[in-house]
1. Neighbouring Cβ atoms within 10 Å as the yardstick, rank H94, H212, H60, H351 fewest first.
2. For the stretch 109-180, state which GluC sites (Glu not before Pro) are in a DSSP loop and have at most 10 other beta carbons lying within 10 Å of their beta carbon.
3. Got a sec? How would V346, V373 order by Cβ neighbour count within 10 Å, fewest to most?
4. Which net charge results for the neighbourhood of Y250, defined as the other residues with beta-carbon distances under 13 angstrom from its beta-carbon, given Lys and Arg at +1 and Asp and Glu at -1?
5. Taking amide H positions as placed 1.01 Å from N in the peptide plane, with prolines and chain starts having none, which residues 5 or more places from V214, or on another chain, fall under 5 Å of its amide H?
6. With a cap of 15 neighbouring Cβ atoms within 10 Å, and only residues DSSP puts in a loop, list the GluC sites (Glu not before Pro) found in the stretch 345-390.
7. Could you grab the relative contact order for the chain? Cα pairs under 8 Å, six or more apart, rounded to a whole percent.
8. Using Cα atoms only, what is the angle between the long axis of helix 109-118 and the major principal axis of the chain, expressed in degrees (0 to 90) to the nearest 10?
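Every number here is computed from the coordinates shown, using simple stated rules; none is lab data. Remember, predicted model here, so these are calculated numbers, not experimental data. Note that we place each Cβ from the backbone using ideal geometry, even for glycine, and neighbour counts take in every protein chain shown.
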Amino acid sequence: MNGETIALTGRDLQRLRTIDAARAGRIANSEGARQLGLSKRQFIRLRKRVAEEGPSGVIHKGRGRRSNRRICDEERARIARLLEKTYTGFNDTHATEMLAERHGVTACRETIRSIRVEAGLPAARKRRAPKHRSRRERRGREGTMLLLDGSMHRWFEKRGKKCTLLGAIDDATGQIVALRFEPTEDLAGYLEPFATILEERGVPASTYTDKHSVFHVNRATPSIEEQLSGTEPLSQFGRALDELGIVRIYSLSPQARGRVERLWGTLQDRLVSEMRLEGIDCIEEANAFLERFVPRYNARFAREASEPVPDWLPAPNDVDWFLCAKYARAVANDNTVRLGELVIDVPPAAHRATFARARVEVHELRDGRVRIVHQGRVIAEKPAPTGFERLKPRLSKALGEPGQLPVASLADRRCPVCNHHREPIAATG
């Protein structure tokens, strides 16, 4: 784009990812339209515009322009004064009617509301309009979408401590693909069952989650660095999904995740009762029991996918390369890299005598081991420190959020012809 810089919102980035997935053949146009809330014709037009104009094609053409029908600033100021002094406590609809009747203001209710918001005037009453909800259709293929969630509950009733059950179900079949008890809902807790999914089944096409901090960086505004670079802040788990080429979809309400929420209701009935029968009162015993419980649950409740060809893709050769915490660092002049209290020595390599001042990635693995990676090659390793318990994201002033690291996503391997096969993903290093 000849060095031109464009600014994309989070909504624009989501649209761009979905369009890229459609252009690569990972999803159909109808699926992309459904994900973005557009008609199929709108999606095809948007896809064509991105092909012609590049990433800037997702930006709405009216952005930054004033509406030709916008009320002049003097009139808006007059309406704001009336709302503040004369119509204090009036709701937006009532104020619109009174302004039209007494002052000849012909603006609609939404315009009056926007003027009130710009003036910093509070609403008369906070009211949430009722929403029409309908059940979302299941995906057609197994592996197209995984629903991830956690449930804090007294799973052992009064016999043990309150803990969290983390789970993943396949949207097409309702089958439990991972289930694990953890003390809390955190990064380490989700990485373990997700590693099992990759090793036993493969890479799913997408995930559907809430906006828990494990999955999403919940910050109101992007940092200056993000705005200048046009990058989206990613949590460590979100970054891992991005590198694996997995589309991240976020729900805005528990109702949208109805299938996984209903799973918790079923498990809080059946699983709790069966663990009471077995006398289980700790996480270790409960996780061992899940190995027997999950196959029986799937045999009872899982269903056949509407399309026979699964959408699972071959897993990477080195799962730990992706399912870890990654940080950007610079090697010190004495060829060491610091990660918190850890100091890792970087030895000389056959191709390079010193790595002083080199930019590297630090990979902190699930078991506490640390790798130093330079240009896709492991140049140093350190065993887990004494007393290591579980992986936790580290804060870094350079990154602004735990785990934000501009790592290039893997190239898509999905065949555009068959749409359900791709070559194995080879982990670098």
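1. Numbers: H94 14, H212 17, H60 10, H351 7.
Fewest-to-most Cβ neighbours within 10 Å comes out as H351, H60, H94, H212.
2. On the way: sites: E110, E118, E137, E142, E157; in loops: E137, E142.
Answer in residue order: E137.
3. On the way: V346 21, V373 17.
So the ranking, lowest neighbour count to highest, is V373, V346.
4. On the way: positive: R11, R17, K211, R248, R257; negative: D149, D210, E232.
That sum, taken over residues with Cβ under 13 Å, equals +2.
5. none
6. Those satisfying the criteria are E389.
7. Numbers: 636 pairs, mean separation 65.4, N = 429.
With pairs under 8 Å counted, the relative contact order is 15 percent.
8. On a 0 to 90 degree scale, this one is about 70.
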